[in-house]
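Structure first, then comments.
The values are calculated or read from the model by the stated rules, or taken from the named source; none is laboratory data. In this text the structure is predicted, and so the values were computed from the model without any measurement. Here the Cβ is made from the backbone with ideal geometry for all residues, glycine too, and neighbour counts use every protein chain on show.
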Amino acid sequence: MAHQSLYRIHRPATFAEVVGQEQVTKPLEEAVKTNKIGHAYLFAGTRGLGKTSVARIFASAIGCTERDLYEVDAASNNSVEDIRVLTEGVYTLPFQSPYKVYILDEVHMLSKSAWNAFLKTLEEPPAHAVFILATTELEKVPETVQSRCQVFEFKKPTRAVLAKMTAAVAKKEGYTLAPDAADLVAMLAEGSYRDALSVLQKVLSVSEDCSHKQNYETHKKGGEGSGVYPRKSELTREDVENMTGAPRREQVYSLISALAEGDRGASLTAIEKTAQSSADMKLFLELVLEALRATLLIRYAPDLRASLLAELGADEFAALEKFAAGRGITHTTMLAFLTAAERIRYAPIPALPLELAVLELFPE
């Protein structure tokens with residue numbers, strides 16, 4: 001039997017369980033308390049922020065049962081005929097709920113004729129109908145539709161929020177995720193709750209596979225422990241790096257060290273070795289920029305040392321403190337790699353913007 005995805009297992013079931021979207025959940029909770037239920041809502045935001053989860057929670061909060069809840073994927077049901085079938089069913093009474101709730105996901109994919117067919121129903125729906133439209137591209141939803149809906153925009157969570165959520169879910173699954181490991185998972189998720197849990201699931205799955213493999217190898221050699229090999233329940237940043245293929249911290253430090261020493265050749269070598277390891281160079285550059293920023297803050301903002309120590313952890317703070325003690329890393333270093341970040345999206349060779357940054361810092 002296939003394992004259920006973590007983002008399904010840990011999908012929020014109440015408004016209180018929704019993390020980091022108070023600007024959406026608070027007004028919806030108030031609407032439920034005061035029984036001021038609108039007929040049309042529009043949830044907008046990038047993928048993986050919980051739009052359909054909140055839609056289901058709201059539907060449940062206003063008393064809609066599964067039998068009267070309709071979810072439509074507008075990406076594949078976007079024709080005028082699809083919308084006509086939907087609108088014809090809107091006028092029949094609910095089976096056992098005060099409301100019939102229609103959740104239309106990726107609603108920006110509806111055709112122009114489908115929007116026209118839907119508009120009249122959206123303007124004058126029956127009292128028992130509630131529409132919740134969800135989109136990742138708000139600008140593609142016609143203004144005539146937006147003006148007839150209560151629009152709620154979902155925000156991307158901060159890395160700190162994602163890391164906290166990831167660590168909490170790992171704990172529920174029986175694992176302890178080190179703070180810097182949770183932070184790396186959050187970085188890999190790029191602002192998506194769903195992607196964070198997908199990355200975490202990969203990490204946990206590989207951890208399980210490794211324990212099974214170790215147990216098999218022990219059993220094959222006739223050693224002890226041929227029952228169940230204990231899984232690794234405490235996961236470090238190195239574990240996450242190994243299991244996701246993320247750039248290693250040592251690779252970042254290798255470049256930072258070379259930059260601190262003003263060694264052009266060693267800097268280029270560090271970049272080339274990272275590229276040869278098949279690391280994601282965009283993520284590598286992001287990690288380099290974070291290390292450069294922290295190094296400069298350690299040097300120039302002594303009042304932030306305590307918060308940086310808590311954020312980075314003792315080992316990373318100590319490593320960056322050594323780089324900060326010298327004068328090789330400056331704001332010019334940061335500026336050169338910020339420019340590389342602007343260039344890397346369009347670079348035919350991902351390592352090239354980083355190499356240019358080094359050559360600009362250390363010209364002939």
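With respect to V24, is the statement that it is touching a strand residue (DSSP E or B) at 6+ places or on another chain (Cβ under 6 Å) and farther than 20 Å from A129 by Cα true?
Values: touching a strand residue (DSSP E or B) at 6+ places or on another chain (Cβ under 6 Å): yes; farther than 20 Å from A129 by Cα: yes.
Criteria met by V24.
When only residues in the range 33-50 that are outside any loop (DSSP other than H, G, I, E, B) and free of Cβ contacts under 8 Å to residues at least 60 places away in the same chain count, which is farthest from V18 (Cα to Cα)?
At the first step, the residues of the range 33-50 found to be outside any loop (DSSP other than H, G, I, E, B) are 33-34, 40-44.
Narrowing further to those that are free of Cβ contacts under 8 Å to residues at least 60 places away in the same chain: 33-34.
Numbers: K33: 18, T34: 21 Å.
In this case the residue turns out to be T34.
For the range 63-76, name all the residues that are closer than 12 Å to A129 by Cβ and either assigned to a loop (DSSP other than H, G, I, E, B) or free of Cβ contacts under 8 Å to residues at least 12 places away in the same chain (or both).
Residue satisfying the conditions is C64 alone.
Looking at the range 50-58, is at least one residue polar (S, T, N, Q), under 22 Å from P94 (Cα atoms) and surrounded by fewer than 21 Cβ atoms within 10 Å (Cβ to Cβ)? Steps first, please.
First, pick out the residues of the range 50-58 that are polar (S, T, N, Q): 52-53.
From what is left, the residues that are under 22 Å from P94 (Cα atoms) are 52-53.
If we keep only those that are surrounded by fewer than 21 Cβ atoms within 10 Å (Cβ to Cβ) as well, we get 52-53.
Yes, some residue in the range 50-58 is polar (S, T, N, Q), under 22 Å from P94 (Cα atoms) and surrounded by fewer than 21 Cβ atoms within 10 Å (Cβ to Cβ).
Somewhere in the range 337-348, is a residue over 26 Å from the mean Cα position of the chain (by Cα) and among the aromatic types (F, W, Y)?
no
Among the residues of the range 310-319, write down those that are touching a residue at least 40 places away in the same chain (Cβ under 8 Å) and either of a type in the set (A, V, I, L, M) or crowded, with 17+ Cβ neighbours inside 10 Å (or both). Give the steps one after another, and end with the answer.
So in the range 310-319, the residues touching a residue at least 40 places away in the same chain (Cβ under 8 Å) come out as 312-313, 316, 319.
L312, E316, A319 - these are the residues of the range 310-319 that are touching a residue at least 40 places away in the same chain (Cβ under 8 Å) and either of a type in the set (A, V, I, L, M) or crowded, with 17+ Cβ neighbours inside 10 Å (or both).
Take the residues in the range 195-213 that are charged (D, E, K, R) and surrounded by fewer than 18 Cβ atoms within 10 Å (Cβ to Cβ), then tell me which one is modelled with the highest pLDDT. First the steps, then the outcome.
Within the range 195-213, the first condition is being charged (D, E, K, R), and the residues that meet it are 195, 202, 208-209, 213.
Okay, now just the ones that are also surrounded by fewer than 18 Cβ atoms within 10 Å (Cβ to Cβ), so 202, 208-209, 213.
Details: K202: 90, E208: 65, D209: 56, K213: 47.
The qualifying residue modelled with the highest pLDDT is K202.
Kindly indicate whether any position in the range 115-128 is within 23 Å of V54 (Cα to Cα), small (G, A, S) and surrounded by fewer than 20 Cβ atoms within 10 Å (Cβ to Cβ).
yes
Within the set of pairs 6+ apart or on separate chains, which have a first residue in the range 287-309 that is in contact (Cβ under 8 Å) with a residue 24 or more places away in the chain and under 15 Å from A325 (Cβ atoms), a second that is among the basic types (K, R) and in a helix (DSSP H, G or I), and C-beta atoms under 9 Å apart?
These pairs meet every condition: A291/R249; I298/R305.
Of all residues in the range 89-125, which are farther than 24 Å from I62 by Cβ and either among the small types (G, A, S) or in contact with a helix residue (DSSP H, G or I) (Cβ under 6 Å, 6 or more places away or on another chain) (or both)?
Of the residues in the range 89-125, the ones farther than 24 Å from I62 by Cβ are 108-117.
H108, S111, S113, A114, A117, listed by residue number.
Going residue by residue through the range 1-19, is there one that turns out to be closer than 18 Å to C149 by Cα and not in a loop (DSSP other than H, G, I, E, B)?
First, the residues of the range 1-19 that are closer than 18 Å to C149 by Cα: none.
Within the range 1-19, none of the residues are closer than 18 Å to C149 by Cα and not in a loop (DSSP other than H, G, I, E, B).
Take E261 and tell me if it is of a type in the set (D, E, K, R), farther than 16 Å from A351 by Cα and modelled with pLDDT under 95.
Details: of a type in the set (D, E, K, R): yes; farther than 16 Å from A351 by Cα: yes; modelled with pLDDT under 95: yes.
So E261 passes the test.
Among the numbered criteria (1) touching a residue at least 24 places away in the same chain (Cβ under 8 Å); (2) over 13 Å from the mean Cα position of the chain (by Cα), which one does R194 miss?
Status for R194: all satisfied but (2).
V228 is checked against (1) at pLDDT 95 or above; (2) part of a loop (DSSP other than H, G, I, E, B) and fails just one. What number does that condition carry?
(1)
Tell me, which helices (runs of 4 or more DSSP H) wholly within the range 77-191 include 2 or more residues that are closer than 30 Å to A314 by Cα? Steps first, please.
Details: elements: 80-90, 112-123, 143-146, 159-172, 179-189.
Result: 159-172, 179-189.
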